[in-house]
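Participant: Provided herewith is a single structure, encoded as C-alpha cells, for subsequent inquiry.
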Amino acid sequence: MDNGQLNSGVPTLQYTIGFESPIGIVRLTAIDAGLTGVDFAEGSIVDSVGAPAFVSQAIEQLQEYFEGKRRIFDTLPLAIRGTDFQMRVWDALDGVRYGQTVTYGELTKELKLDGGAQAVGQALTRNHLCLLIPCHRIVPAEGGVGGYAYGEERKRWLLAHERNQRDK
C-alpha cells in the first residue's frame, strides 16, 4: 500500500493489483472510496495487501470481459477525478455500447461543442479508467483506429474483440 492523498489533503491508502490479460498486464489502483485507475502496466506489479472487496469484483468482471462473457460492467465504486469538461466527456462514453464506435466529431456534437474534437481527444487521453470508461470506442472520422494512451495495437484488439463477441 502506498500513501496517497485525496483532495482533502488527508492521507489515504492506495492499493495496486494487477492481472494478466490477452493484451498485457491490467493494473487496477484504488483507495477505500473506489477505483482510481484501470490501465495497462509495462512490467510486473507487486500486489497490495488488504485491498477493498470491490477490487476483486472489478478483476473478476474484467477477466469475464476478456473471456467474452461480459459486455456491461456491474456498478463498481469509482473515485474518479477530472475537470468538469473531462467528466462530461467521460459520462458521454457510457452511451457508446459494446461493439459500437463513435467518431470524435460525433461525440463533440453530442456534447454540443463547436470545434471541440481535439479537446474531446485530450479528455479521452486523461481517462484513467480505460475499459470501464470505454475511450477505445472513439475513432477518427477519416478511418483507422486513431490514438490510444495504451497503444494502437491494444485499441485494435479491443475493438476487434468487441466486434467479434457482439456478432456471436
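The values are calculated or read from the model by the stated rules, or taken from the named source; none is laboratory data. Computed from a predicted structure; not experimentally measured. Cβ atoms come from the backbone with ideal geometry, glycine included; neighbour counts cover every protein chain shown.
Participant: Would you tally the residues in the range 139-168 being over 19 Å from Gln122 (Cα atoms), assigned to a helix (DSSP H, G or I) and either in contact with a strand residue (DSSP E or B) (Cβ under 9 Å, 6 or more places away or on another chain) or not polar (S, T, N, Q) (or both)?
Facilitator: Of the residues in the range 139-168, 10 are over 19 Å from Gln122 (Cα atoms), assigned to a helix (DSSP H, G or I) and either in contact with a strand residue (DSSP E or B) (Cβ under 9 Å, 6 or more places away or on another chain) or not polar (S, T, N, Q) (or both).
Participant: Still on this structure, please answer the following. Look at His136 and say whether it is in a helix (DSSP H, G or I) and either over 19 Å from the mean Cα position of the chain (by Cα) or surrounded by fewer than 21 Cβ atoms within 10 Å (Cβ to Cβ) (or both).
Facilitator: Numbers: in a helix (DSSP H, G or I): yes; either over 19 Å from the mean Cα position of the chain (by Cα) or surrounded by fewer than 21 Cβ atoms within 10 Å (Cβ to Cβ) (or both): no.
Spelling it out, it is not the case that His136 is in a helix (DSSP H, G or I) and either over 19 Å from the mean Cα position of the chain (by Cα) or surrounded by fewer than 21 Cβ atoms within 10 Å (Cβ to Cβ) (or both).
Participant: Considering only residues that are part of a loop (DSSP other than H, G, I, E, B) and within 24 Å of Leu131 (Cα to Cα), look in the range 6-31 and name the one that is modelled with the lowest pLDDT.
Facilitator: Among those that are part of a loop (DSSP other than H, G, I, E, B) and within 24 Å of Leu131 (Cα to Cα), it is Leu6.
Participant: Taking the range 43-67 as the region of interest, how many residues are touching a residue at least 24 places away in the same chain (Cβ under 8 Å), loosely packed, with under 12 Cβ neighbours inside 10 Å and aliphatic (A, V, I, L, M)?
Facilitator: Residues meeting the conditions: 2.
Participant: Additional query: What's the total number of residues in the range 154-163 that are free of Cβ contacts under 8 Å to residues at least 40 places away in the same chain and either of a type in the set (S, T, N, Q) or surrounded by fewer than 18 Cβ atoms within 10 Å (Cβ to Cβ) (or both)? Break it down stepwise before answering.
Facilitator: Our first condition is that a residue be free of Cβ contacts under 8 Å to residues at least 40 places away in the same chain; within the range 154-163, this holds for 155-156, 160.
From the residues that got through so far, the ones that are either of a type in the set (S, T, N, Q) or surrounded by fewer than 18 Cβ atoms within 10 Å (Cβ to Cβ) (or both) too are 156, 160.
Going through the range 154-163 one residue at a time, the tally reaches 2.
Participant: Of everything in the range 68-108 that's β-branched (Val, Ile, Thr), within 14 Å of the chain's Cα centre (by Cα) and surrounded by 15 or more Cβ atoms within 10 Å (Cβ to Cβ), which residue is farthest from Leu159 (Cα to Cα)?
Facilitator: Only one residue tops the list, namely Ile80.
Participant: So which pairs qualify, if the first residue must be in the range 1-26 and within 21 Å of Arg156 (Cβ to Cβ), the second must be among the charged types (D, E, K, R) and modelled with pLDDT of 95 or more, the Cβ gap must be under 6 Å, and the two must be at least 6 apart or on different chains?
Facilitator: Ile23/Arg154
Participant: Would you mind stating whether Arg81 is in contact (Cβ under 8 Å) with a residue 12 or more places away in the chain and under 19 Å from Ile138 (Cβ atoms)? Give the steps one after another, and end with the answer.
Facilitator: Values: in contact (Cβ under 8 Å) with a residue 12 or more places away in the chain: yes; under 19 Å from Ile138 (Cβ atoms): no.
Answer is no for this residue.
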